[in-house]
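Below is one structure, written out as structure tokens; comments come after it.
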Amino acid sequence: MYSINWSQVPETAHLPNNFRNAVAGKEMGVNRIRWVHPTSLPAHIHEDAEKAIVVIQGAISFTINGEELTLGEGDVAVVPRNAVHSGHSIAGEAVFIEIF
């Protein structure tokens, strides 16, 4: 399979008010993340990959190695491998794409 629509991928809950649709290949993954306020992502690291996030709706607060960022529609952030990162919703609903 080389193509799929997000509507064909089941949405699952991972943390309270934190939902995702996940698509994975052999060496990368793409997630559509939907945060409904209030939600938070605890601090953690990824030892095996860096990741990029692209906000497509709403806004989120995201912290990378102690630097707190407010990311809104169209903003892109890159999280280096082994960087401590966390985040939380700001208001309403936010949707972003996460690429590993």
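The values are calculated or read from the model by the stated rules, or taken from the named source; none is laboratory data. What you are looking at is a predicted structure, and each value in this text was computed from that prediction instead of being measured. Note that we place each Cβ from the backbone using ideal geometry, even for glycine, and neighbour counts take in every protein chain shown. Protein only, heavy atoms only, side chains kept; ligands, DNA and RNA dropped before computing areas. Shrake-Rupley method; radii C 1.70, N 1.55, O 1.52, S 1.80 Å.
This model, with +1 at the C-beta of Lys and Arg and -1 at the C-beta of Asp and Glu, gives the chain a dipole about its Cα centre of some 260 debye. Residues whose amide H lies under 5 Å from that of residue 75, counting only those 5 or more places away or on a different chain, are 55; hydrogens are built 1.01 Å from N in the peptide plane.
What does the charge add up to near residue 95, with Lys and Arg as +1, Asp and Glu as -1, over the other residues with Cβ less than 15 Å from its Cβ?
Numbers: positive: 20, 32, 34; negative: 11, 73, 75, 93, 98.
In short, -2.
Subtracting the Cα-Cα distance of residue 4 and residue 75 from their residue separation scaled by 0.36 nm leaves 23.2 nm. Projection of the Cα convex hull of the stretch 49-100, averaged over all directions and equal to a quarter of that hull's surface, yields 3.1 nm².
Averaging the inverse of every distinct alpha carbon separation and then flipping it gives the Kirkwood radius. What is it for the stretch 4-100, in angstrom units? Present the calculation step by step, with values, prior to reporting the outcome.
Values: mean 1/r = 0.0739 Å⁻¹.
Here the Kirkwood hydrodynamic radius works out to 13.5 Å.
Label sites at residue 54 and residue 36, each approximated as a point 7 angstrom past Cα along Cα to Cβ, lie 2.6 nm apart.
Cβ under 11 Å from residue 59's Cβ, residue 59 left aside: what net charge do those residues give with Lys, Arg +1 and Asp, Glu -1? That works out to -3. Note that the chain presents 60 Å² accessible area per residue, ligands and nucleic acids not counted, probe 1.4 Å. Extension gain for residue 14-residue 44 works out to 9.4 nm (0.36 nm per residue, less the C-alpha to C-alpha distance).
Solvent-accessible area assigned to carbon and sulfur over the chain amounts to 54 percent, based on a 1.4 Å probe. For the chain, trypsin sites (Lys or Arg not before Pro) meeting the loop criterion (DSSP other than H, G, I, E, B) and having at most 16 other Cβ atoms within 10 Å: 26, 81.
Just to confirm a number: summing +1 for Lys and Arg and -1 for Asp and Glu over residues other than residue 10 whose beta-carbon lies under 15 angstrom from that of residue 10, what do you get? The partial results should precede the final answer.
Numbers: positive: 20, 32, 34; negative: 11.
Residues close to residue 10 contribute a combined charge of +2.
Distance between the 7 Å Cα→Cβ label points at residue 88 and residue 26: 4.2 nm.
When only DSSP loop residues count, what GluC sites (Glu not before Pro) in the chain have their Cβ near at most 16 other Cβ atoms within 10 Å? Numbers along the way, then the final one.
Values: sites: 11, 27, 47, 50, 67, 68, 73, 93, 98; in loops: 11, 27, 47, 50, 73.
Taking the chain and a limit of 16 other Cβ atoms within 10 Å, the loop GluC sites (Glu not before Pro) found are 11, 27, 47, 50, 73.
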